[in-house]
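Structure, as structure tokens:
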Amino acid sequence: MSQLNLFFCLILVLLVFANPSASVAQVDTFEFQTTEQQQRFRKLSDELRCPMCQNTNLSGSTGGVAEDLRREIHRMIVENLTDADIEKFMFDRYGDFIFYKPRFRAETAVLWFAPILFLLLGFAGGYIVWRKSKKAVDESESLDASQLNRLNDLLDSKQ
Amino acid sequence: MSRFAFFLPVIVFFALAVLLWQGLFLDTKALPSMLIDKPMPSFALTTVDGDEVTNVDLPDQIFLLNIWGSYCLPCLIEHPTFMRLAEEGEIPVVGVNYRDRQGLAINWLGENGNPFEFSILDESGRFGIDLGVYGAPETYLVDSNGVIRYRHVSVLDESVWREEFMPAIAELRDRVAL
């Protein structure tokens, strides 16, 4: 029984890490000169976001504009443009929205730093709570001289 | 001080609640355009009627650039507004026939009326990419120097015209007058 539970837990954990976008991809019949070009095409169309359907990447989208953008990526790769050139082409037309992983700029700084900031705030809050509770425990545990004498008397009388 | 610390979680909760509540009403479909205050991308294409057309042929006054297609149902909803604007001579409207077929586009204009000075034929959607279009209908406001000043995504009906375009156009005309 417990083994079965463990099995289901494992499945759930695996599902959490599953990447649904990797499993759906539009079948295009683009031809490349090298497998390296093909891999770059896959990587770019996985990392760029479809502007029309919003929560899909270019490789997983059936939207018209996604189809056009995949064709443009293919054209630029075959024309030997670098990934940076292609990303700039996309940015100039569609802005930060096109990137699933936004580039670091003044406008996107909050996106990048907010998680670290919240983590630090959490640690700071936790530390303050921990120190307060420790202090409270320390204070309650320390006995004054008369209390100590009584305690010792009690312990002696037990024996 | 301790009073403040006591109420801090409540204050943080309400601040977050207000922030997230507002987030519910954000229009996430309307993405900011990268082309605002930039010149119209250059093009050399044909019109739906088959004539050659480049940037030189664009009106030398403030005009609307409407992205449309015969497959696009919302375009039918905004169509009467463009017909009225054209008939009353309020503002010239240039069309971009986006990801469509020339024959279907001609039929559509014949059936529903043609409010456009001309429609740029963009069967491949390549010109649309240069404009940052992601689907018809979209409408751009272009000034007399051919600089894009405003972009509206989805249907441009009479209320959008009154509330968004008329003030934007008035502002552009003021700037020219100054």
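Values quoted throughout were computed directly from the atomic coordinates according to the rules given, and no laboratory measurement underlies them. Remember, predicted model here, so these are calculated numbers, not experimental data. Methodologically, a virtual Cβ is constructed for each residue, glycine included, from the backbone with ideal geometry; neighbour enumeration extends over all protein chains shown.
Odds and ends about this structure:
- Listed values for segment A:122-131 are Karplus-derived 3J(HN,Hα) couplings in whole Hz (6.51 cos²θ - 1.76 cosθ + 1.60, θ = phi - 60°), namely x, 4, 4, x, x, 5, 4, 4, 5, 5, and x replaces Gly and Pro.
- For B:Glu117 and B:Phe14, a Förster radius of 45 Å and the Cβ-Cβ distance give a FRET efficiency of 0.25, rounded to the nearest 0.05.
- Hits among lysines - C-alpha to C-alpha of A:Lys43 under 18 Å, sequence gap 8 or more where chains match: A:Lys88, A:Lys101
- Residue order, fewest to most beta carbons within 10 Å, for B:Glu171, A:Glu141, B:Glu90: A:Glu141, B:Glu171, B:Glu90
- Shape summary of segment A:24-115, radius of gyration then Dmax from alpha carbon positions: 13.5, 43 Å.
- Order of A:Arg71, B:Arg151 - criterion: other Cβ atoms within 10 Å of each residue's Cβ, fewest first: A:Arg71, B:Arg151
- Helix axis angle, B:166-177 relative to chain B longest principal axis, alpha carbon, degrees: 70
- Cα shape, segment B:22-141, gyration tensor, a/c 1.5 rule: rounded
- Using 0.36 nm per residue and subtracting the Cα-Cα separation, the extra length available between A:Ile11 and A:Lys158 on full extension is 47.1 nm.
- Mean Cα-pair separation over length for chain B, i.e. relative contact order, pairs under 8 Å, 6 or more apart, %: 27
- Per-residue ³J(HN,Hα) for segment B:16-24, Karplus 6.51 cos²θ - 1.76 cosθ + 1.60, θ = phi - 60°, Hz, x for Gly and Pro: 5, 4, 4, 4, 6, 4, 5, x, 5
- Ranked by how many other beta carbons lie within 10 Å on average, peptides A:40-51, B:34-45, A:121-132 from highest: A:40-51, B:34-45, A:121-132
- Calculated FRET efficiency for the pair B:Lys38/B:Ser159, C-beta based, R₀ 30 Å, to 0.05: 0.60
- DSSP beta bridge pairing in segment B:57-178, given as percent antiparallel to the nearest 5: 55
- Gap separating the Cα centres of segment B:1-17 and segment B:157-178, nearest whole Å: 44
- Structural descriptor for segment B:64-139: relative contact order 43 percent, calculated from alpha carbon pairs under 8 angstrom and at least 6 residues apart.
- Per-residue mean of C-beta atoms belonging to partner chains within 10 Å, peptide B:126-135: 6
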